[in-house]
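The values are calculated or read from the model by the stated rules, or taken from the named source; none is laboratory data. If you're wondering where the values come from, they're calculated on a predicted model, not measured in any experiment. A quick note on method: Cβ atoms are made from the backbone with ideal geometry, for glycine too, and the neighbour counts reach across all protein chains shown.
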Amino acid sequence: MHGSEVIAGRTPLREVMAQLRRHRRVFHSEADLQHSFARVLWELVPEAESRLEVPQRLSGKAEYLDLLCIGPEARTAIEFKYFTRSWTGTIGTPGEDYALKAHGATDLARLHFVRDIARLERFCRQSQQNGLALMLTNEASLWTPPGPGRRPTRDHDFRIHDGRELAGTLLWPEGAYEPNTCRLRGSYPLVWEQYSRQDGPGGEFRYLAVFVSPSATGDGDGAAHT
């Protein structure tokens, strides 16, 4: 596997997600996902260190990275998104109860995920550090392409459905609200992967992983606004 698609220069994301799935099929919150991911990474790569909420100081301004994975020779900066629709169920032995809330605003979920990619393009300027934007969700409209003939929405440029490619300048809506404009230096084909299936509506979970390599970052700030 290409080095840019490996966590901390040591293990492919697919292996991390497979191990994570064995431990946890659903999460209570984004913080729960972050903590569980870091724990699984430690199990697979004991020599790698994980740090949560790490400040990244660029142009005198501090921004916070969700997770920094530090391996002996390479690092991976990770931004997480856990966007859910309503789902309740009991999983595991002994049973653990889950009651996921509906976040609702899928257009903002897309915007914030693209912003994560733009942030990672800024954070990953060192040759030994790559980036990963990771979204886990049970909201099928995020991975499903819009139907034919559907009128463009304000988040049209920010669609992240399976098979799409993100690249260039993304406008919201068609540039009418400039603060949400994002400019990406790299090109990112989007492929959604199955994570887990539970009973009932909203019981299917998939994840989208976008890796950012140092070669994609170039110079500059990576986005007009993030």
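Values computed for the structure shown
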{"item": "Gly168 being farther than 21 Å from Phe80 by Cα, part of a strand (DSSP E or B) and not acidic (Asp, Glu)", "result": "yes"}
{"item": "Any chance Glu96 is over 20 Å from the mean Cα position of the chain (by Cα) and modelled with pLDDT of 95 or more", "result": "yes"}
{"item": "Selection count where residues are within 18 Å of Ala8 (Cα to Cα) and acidic (Asp, Glu), scope segment 110-157", "result": "1"}
{"item": "Residue in segment 28-35 that is closer than 17 Å to Leu136 by Cβ and surrounded by fewer than 13 Cβ atoms within 10 Å (Cβ to Cβ) present", "result": "yes"}
{"item": "Number of positions in segment 37-69 that are assigned to a helix (DSSP H, G or I) and within 15 Å of the chain's Cα centre (by Cα)", "result": "2"}
{"item": "Count of residues meeting criterion [surrounded by 12 or more Cβ atoms within 10 Å (Cβ to Cβ) and more than 19 Å from Ala118 (Cβ to Cβ)] in segment 162-190", "result": "1"}
{"item": "Verdict on Ser196 being under 16 Å from the mean Cα position of the chain (by Cα) and either at pLDDT 95 or above or within 20 Å of Met135 (Cα to Cα) (or both)", "result": "no"}
{"item": "Residue in segment 135-152 that is of a type outside the set (Lys, Arg), closer than 30 Å to Gly60 by Cα, under 21 Å from the mean Cα position of the chain (by Cα) and not in a loop (DSSP other than H, G, I, E, B) present", "result": "yes"}
{"item": "Failed condition for Leu44, given (1) more than 15 Å from Val16 (Cα to Cα); (2) surrounded by fewer than 20 Cβ atoms within 10 Å (Cβ to Cβ); (3) modelled with pLDDT of 95 or more; (4) not polar (S, T, N, Q)", "result": "(1)"}
{"item": "Lone unmet requirement of (1) without any contact (Cβ under 8 Å) to a residue 40 or more places away in the chain; (2) assigned to a loop (DSSP other than H, G, I, E, B) for Ala109", "result": "(2)"}
